[in-house]
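Only one structure is covered here, and it is reproduced in the block below.
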Amino acid sequence: MIKRILVCGAGGFIGSHLVNKLVEEGFYVRGVDLKEPEWSKSKAQEFMLADLRETDQAAEALSGDFDHVYQLAADMGGMGFIHSAETEIMRNSMLINLNVIDQAARNGVEKYFLASSVCVYRDMQIGESELSEIDAYPANPDNEYGWEKLYAERAVLAYGREFGISTRIARFQNCYGPEGTWLGGREKAPAALCRKIAESTNGHIEAWGDGTAVRSFIFVDDLVTGIRKLMESDIEEPTNIGTREYVSVQELVQIVANVADKKIEPQWISGPVGVQSRNFSNDVIESTGFKPIYSLAAGLAITYPWIEEQLLTFNS
Ligand code: NAD
């Protein structure tokens, strides 16, 4: 029998890529979101518009005998958004997460996936040794988005224990790729830098911080592969999904500039930078056979032209 899959957040960046992969794999998929994907039509067999903060709408979205649920819906954005919308994140994402797991339990869902984040970890100094998943405790996330994700993880684990739902929880690294938000204040660093560099005619761009913060980024196709590997594994505990390639923000600018074939001199300005560094282990997800394929340069070589094209269309 073909498995019936529900994807919440199916109109978003990662959710829309995940839906397409699941359909290609032969699953029957219902996508749910406040909106349909912005850039290309969802391949989901059904797409339902619903506000998952509302219990009755979440109940309707979850009805229909779904075997597996992937919960990616969230009030979400890059550092600028995370620091300016604390109460929206706490309220909206928490309501969504509680409604979806509660309705999953009521509907007898067999397996439940939650999109969490490496924002659950504390700020780190550059050069500190890797944190593994259990090092999320004692908890000290850098922002409210991270606290909400920790709470959501705990809610899913608690429902899993009480209702016998098999749980999969992925702590995503920063993700980038085509069809991700690139404008409007919710975009993340790779997309924002691609846009700024595509716009720059004189080699100057403004970038937040001083360029020394260290980050790692995963290309969306690799992340979706990691999600599927985790879902097919028997790992019930929260699991990091990312790459082992770390760069400073200054190096990230340079990689995008190389892809764009432009000489770029960033002007570093004050802004919400987030943590100084984050260094976490990928041993658990790699034990499933997962191995990211795209280097940052290879992923940006696909992402930059897409953002450049969006910009041309936007400005025309
Ligand atoms: P996104 O903003 O593109 O997708 C989230 C989707 O949730 C959006 O389409 C949005 O419309 C939907 N949504 C928001 N409120 C809703 C509501 N009330 N009812 C129904 N749908 C609602 O974000 P994304 O980058 O695709 O992230 C997906 C998940 O992965 C999120 O849970 C996010 O926190 C997590 N995550 C993402 C990253 C990243 O780098 N993109 C990193 C770590 C974790």
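All of the numbers you see were taken from the coordinates with simple rules; none came from a lab. Since the structure is predicted, the reported quantities are computational estimates derived from the model, not experimental observations. Note that each Cβ is placed from the backbone with ideal geometry, even for glycine, and that neighbours are counted across all protein chains shown.
In table form, for the structure just shown:
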quantity: Residue pairs, from the table K3/K291; K111/K196; K21/K262, whose Cα atoms sit over 30 Å apart; calculated: K111/K196; K21/K262
quantity: Theoretical gain in end-to-end length, D123 to L312 [0.36 nm per residue, Cα-Cα removed]; calculated: 64.3 nm
quantity: For the range 208-255 and the range 126-150, distance of Cα centres in Å; calculated: 15 Å
quantity: Cα-Cα pairs of the chain separated by more than 28 Å (percent); calculated: 37 percent
quantity: Spherically averaged projected area of the range 156-289 from its Cα convex hull (nm²); calculated: 9.6 nm²
quantity: Rg ratio (alpha-carbon, reference 2.2 N^0.38 Å) - the range 217-303; calculated: 1.29
quantity: Relative contact order for the chain, counting Cα pairs under 8 Å that sit 6 or more residues apart, in percent; calculated: 18 percent
quantity: Square roots of five times the Cα gyration tensor eigenvalues for the range 128-184, Å; calculated: 25, 18, 12
quantity: Order of T181, T243, T303 under a 10 Å beta carbon neighbour criterion, fewest first; calculated: T181, T243, T303
quantity: Only Lys, Arg (+1) and Asp, Glu (-1) charged, at Cβ; the range 1-83 dipole about Cα centre in debye; calculated: 280 debye
quantity: Computed over the range 1-52, the ratio Rg/Rh where both radii use C-alpha atoms and Rh is Kirkwood; calculated: 0.94
quantity: Sequence of T225, T55 once ranked by neighbouring C-beta atoms within 10 Å, starting from the fewest; calculated: T55, T225
quantity: Under 17 Å from K149, Cα to Cα: aspartates and glutamates that are on another chain or at least 8 residues apart; calculated: D75, E86, E88, D102, D123, E133, D135, E236, E237
quantity: Taking the range 179-316 and dividing mean pair separation by its residue count, relative contact order in percent (alpha carbons under 8 Å, at least six apart); calculated: 38 percent
quantity: Residue-averaged [θ]222 nm for the chain, counting only DSSP H segments that reach four residues, each worth -39500 (n - 2.57); calculated: -11500 deg cm²/dmol
quantity: Extension reserve of the K3-Q267 stretch, reckoned as 0.36 nm per residue once the Cα distance is removed; calculated: 89.9 nm
quantity: FRET efficiency, 1/(1 + (r/R0)^6) with R0 51 Å, evaluated for S281 and N202 via beta carbons; calculated: 0.75
quantity: Charged-residue dipole, Cβ positions (Lys, Arg, Asp, Glu), the chain about Cα centre, Debye nearest 20; calculated: 300 debye
